Structure formats: C-alpha cells, structure tokens
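Inspection log for the structure reproduced underneath, given as structure tokens.
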Amino acid sequence: MTEHVKVEIDAGVMTLTLARPDKKNALSNAMYGVLADSLERAERDPEVRVVVFQGDGDSFSSGNDLKDFTAQATGSFTEERHVWRFLKALARATRPLVAAVHGQAVGVGTTMLLHCDLVFTSPDARLTVPFVNLALAPEAASSWLLPARIGHARAYAMFALGEAVDGTTAAAWGLSNAVVPLEDLRARARAAADQLAKRPLGALTVTKGLMRDAEKIAALMDKEGALFAERLQTAEAREAFMAFAERRPADFSKVA
Ligand code: COA
C-alpha cells in the first residue's frame, strides 16, 4: 500500500483516489501496483460492485512518472513493473469503472479513461496524450480506442501534435458523459456509481462484456507495449525526458 493512492470501499463502491498532488498525481510504479491490486480485488470481492477513479489536488493525473521513464531509458530501473498488470486489469475489468476528471489528465491519465464506462469532466479538465512529443508511442490500446471514439483526425492531432482537449470538448466528443462544475464533480461521479451499485451485477457484467472485446484490447496492449519499450531506449526519448527534467523544450534536430 502506498500513501499515494487512497483505497476506500463503501456501499458497494470502491473509490481509488490518486493522492500525490505535489507531482500532479504522476503515477509511480508503487501507485500502479496499488491500482492493479485494487482492480484485481474488485473483480473477486462481492463487496465491490463499481470502481471510481479520482484525483486529489488540482489534477487527475500527469501520467506516468517521467523519472521512472528516465530510469527505464537508462537501464537503472530494476523493480518489477506493475503498469502492465494495471493496464491488463483495465482491459479485462468486468466491474463498471467510473472516473471524475479535473485539471491535467496526461498520457495514461487520459488513455485509462477509454476503459472507463462513465466519465465526468470538469470544465478545467485538460486531456492530453503527448506520446510523440515524448518520442514514445500510444499505449493502453489507445492507438485503436481513441480514433474509434473521436475519429482519426482528432486522435492524430492529440497523439502527434499533443493537442489538448478541455472538459467541455471532451463531453462534446464523447470522451466524457458530461461536463460538471468542479465543485460538483466528485458527487456526480459518486451518484452515478451509487446508481450502478444498485443495478443487477450479472446484467451489468454481460452488458459490458458484449460492448468491449477484452481479448482484442489486451492483445493490442501487448503489441503497443513492445513498441513502447523499444522507444524508451531511443536517443529521441532520452532527449525528451532530459528536456523535461531541465525544464527546456526538447530539441530533436540533432538526434539521429
Ligand atoms: N512525472 C514526474 N513528475 C511530474 C510529472 C510526471 N509525469 N508531471 C509533473 N511532475 C512534477 C514536476 O516535475 C513538478 O515537480 P517539482 O515541483 O518537484 O519541480 C511538479 O510535478 C509540478 O509540475 P509542473 O510542471 O511545475 O506543473 P505545471 O502546472 O507547470 O504543468 C504538467 C503540469 C502536467 C502540464 C507538466 O508537469 C507536464 O507536462 N508533466 C509531464 C507530463 C507527461 O509528459 N507525462 C507522461 C505522459 S506519457
């Protein structure tokens, strides 16, 4: 258990609160571990009928911890990596997943939403998937799920140009169910989760299973994961991570 993810279960609803606000809820390996453990538990615990994701502080999540990416790029990251377990748990989740999204939702902070069944965004939400800016590749099956949801042109601009989508636009494009004032956001997500918790779980499970091809999603995650791991080792990616650490724009012109 890490103090950076709060896990609460109440009246059939498991709430997972990202709680590393000083880093905009950047996801460390330990945080992925808790998220993966919690989703795996949700699948087998009869006390959990719905899972809600939310973030403390001014943002939902700034995505994968870039220090961990740097460590992976330089070979100094030796821990067991929990991100893949988290992504597979998202792919195979049968319980309904609900998200309350405000502020920054970068990288996996946005791609995980493509696995949620109900998403609520506040107007200040800023969804970005700047994988190309980081010299990386789309993950979490987003290379298929994002264009399927919003169309190729919009998805490409998000991936390749790093274009941001605000909370209102996210609702208009079908990335979220509704735009909700920030002060009401958590209550709205919780109310939706409470409604789901009262529905027959068997029917919810069958409905979600029919709506998503979990095996296809998991297989695509493997394909993306292999390319992503390759890209982490590139000079382009090292330049991108160094630029973030040094708070300067990346310069790819000299990278072969
Ligand atoms: N990993 C590690 N640390 C991160 C982080 C990340 N993904 N995102 C933010 N942080 C840290 C910053 O380094 C900073 O730490 P410091 O106070 O010790 O210097 C702190 O969180 C606040 O971030 P800051 O950049 O000052 O906030 P901002 O409001 O100016 O910008 C973001 C917020 C999210 C736009 C910006 O931090 C950012 O672009 N982060 C990287 C996002 C990213 O590329 N994620 C990976 C996607 S695959």
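The values are calculated or read from the model by the stated rules, or taken from the named source; none is laboratory data. Please read these numbers as outputs of a predicted model, since none were measured by experiment. Ideal geometry is used to build each Cβ from the backbone, glycine not excepted, and the neighbour counts take in all protein chains shown.
If you check ALA73, ALA42, ALA11, which single one turns out to be closer than 23 Å to GLY225 by Cα, of a type in the set (A, V, I, L, M, F, W, C) and either within 16 Å of the ligand (Cβ to nearest atom) or at pLDDT 95 or above (or both)?
ALA73
Among (1) under 14 Å from the mean Cα position of the chain (by Cα); (2) closer than 18 Å to ALA171 by Cβ, where does ARG154 come up short?
Tallying (1) under 14 Å from the mean Cα position of the chain (by Cα); (2) closer than 18 Å to ALA171 by Cβ, ARG154 fails exactly one: (1).
Would you be able to say whether some residue in segment 153-160 is surrounded by 17 or more Cβ atoms within 10 Å (Cβ to Cβ), under 30 Å from PRO46 (Cα atoms), within 16 Å of the ligand (Cβ to nearest atom) and modelled with pLDDT of 95 or more?
No, every residue in segment 153-160 fails to be surrounded by 17 or more Cβ atoms within 10 Å (Cβ to Cβ), under 30 Å from PRO46 (Cα atoms), within 16 Å of the ligand (Cβ to nearest atom) and modelled with pLDDT of 95 or more.
Go through segment 234-249 and give me each residue that's small (Gly, Ala, Ser), under 24 Å from the mean Cα position of the chain (by Cα) and either surrounded by fewer than 16 Cβ atoms within 10 Å (Cβ to Cβ) or within 14 Å of LEU136 (Cα to Cα) (or both). Explain how you work it out, then say what you get.
Initially, segment 234-249 is screened for residues small (Gly, Ala, Ser), giving 235, 237, 240, 243, 245.
Remaining after also requiring under 24 Å from the mean Cα position of the chain (by Cα): 237, 240, 243, 245.
Hits for segment 234-249 are ALA237, ALA240, ALA245.
If I filter segment 128-138 for residues that are hydroxyl-bearing (Ser, Thr, Tyr), within 15 Å of the ligand (Cβ to nearest atom) and buried (at least 20 other Cβ atoms within 10 Å of the Cβ), do I get at least one hit?
Looking only at segment 128-138, we keep the residues that are hydroxyl-bearing (Ser, Thr, Tyr), and these are 128.
If we keep only those that are within 15 Å of the ligand (Cβ to nearest atom) as well, we get 128.
Now restrict to residues that are buried (at least 20 other Cβ atoms within 10 Å of the Cβ): 128.
There is at least one residue in segment 128-138 that is hydroxyl-bearing (Ser, Thr, Tyr), within 15 Å of the ligand (Cβ to nearest atom) and buried (at least 20 other Cβ atoms within 10 Å of the Cβ).
Can you tell me how many residues in segment 29-53 are surrounded by fewer than 19 Cβ atoms within 10 Å (Cβ to Cβ), basic (Lys, Arg) and outside any helix (DSSP H, G or I)?
0
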